[in-house]
Amino acid sequence: MDWFRNLEFFFRWLHVIAGITWIGHLYFFNFVNGPLQAVLDDPTKKAVNPQLMPRALWWFRWGAMITLIAGLILFTMNYMYMPGVGFGANSNFSLPGVGLSPKAIWILCGMTFGIIMWFNVWFIIWPAQKAMLTGQVPADQLPAVRKKAALASRINTYLSGPMLFGMLGANHMQGSSALAAFIAFGAVAVAAIWTAYFHAGKVGKLT
């Protein structure tokens, strides 16, 4: 069905381009802007941040929202819908006598991390940043609010690697067993978290 394939292609493209926008800004905040803010003096911050942060945060949060919405639509189209039949788990989602297919395991693991990341953006990072930018945070509470937003952003950085691996694994590791999928995914998650932690600690010192 050409209309179905064309629609699926559109949402896949939207999902990817929004995801690039979202994760690109996530890395910018953690690996570029964070170390920069640490060395700027207060007058410079007051001159730069009102111009930089609202625009960057707009692309950041709406990139996350569109990535999530397009991703959920794609999941429904590819795993919970059968053209000509209707809604219901298809062979991509489950296999007779097996339960969840390896492909579904990969994509569900990636989706779980992605939804956690989206929640952190919209319900922790953005509200905290908005309150700080508009001066709604009392001076004595500012360090705690800033720390909370930074922690959520760092967690998202840690999760981005295994999240992307799960998304790619769904299409490129379909022949693996469920156990192999969980082991591989767990190994990549640990490696991604360690790499992000190590890199975050060293990147500001590179020359």
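Laid out as a table, the results:
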{"quantity": "Any hit, the stretch 59-70, residues being in contact with a helix residue (DSSP H, G or I) (Cβ under 6 Å, 6 or more places away or on another chain) and in contact (Cβ under 8 Å) with a residue 60 or more places away in the chain", "calculated": "yes"}
{"quantity": "Criterion violated by Leu74 - all others in (1) more than 13 Å from the chain's Cα centre (by Cα); (2) without any contact (Cβ under 8 Å) to a residue 40 or more places away in the chain; (3) more than 19 Å from Ala149 (Cβ to Cβ) satisfied", "calculated": "(2)"}
{"quantity": "Qualifying residue in the stretch 163-176 (condition: at pLDDT below 65 and loosely packed, with under 13 Cβ neighbours inside 10 Å)", "calculated": "yes"}
{"quantity": "Qualifying residue in the stretch 42-51 (condition: in contact (Cβ under 8 Å) with a residue 40 or more places away in the chain and in contact with a helix residue (DSSP H, G or I) (Cβ under 8 Å, 6 or more places away or on another chain))", "calculated": "yes"}
{"quantity": "Failed item in (1) farther than 20 Å from Met111 by Cβ; (2) over 25 Å from the mean Cα position of the chain (by Cα), with Phe31 passing the rest", "calculated": "(2)"}
{"quantity": "Odd one out for Gly135 among (1) without any contact (Cβ under 8 Å) to a residue 24 or more places away in the chain; (2) within 17 Å of Asn171 (Cα to Cα); (3) among the small types (Gly, Ala, Ser)", "calculated": "(2)"}
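Residue-by-condition table, conditions (1) of a type in the set (S, T, N, Q); (2) surrounded by fewer than 14 Cβ atoms within 10 Å (Cβ to Cβ); (3) within 22 Å of Gln37 (Cβ to Cβ):
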site	(1), (2), (3)
Pro127	no, no, yes
Thr134	yes, yes, yes
Ala139	no, yes, yes
Ala144	no, yes, yes
Ala150	no, no, yes
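The values are calculated or read from the model by the stated rules, or taken from the named source; none is laboratory data. Because the structure is predicted, anything quoted here is derived from the model rather than measured. When we count neighbours, we look across all protein chains shown, and the Cβ atoms used for this are built from the backbone with ideal geometry, even at glycine.
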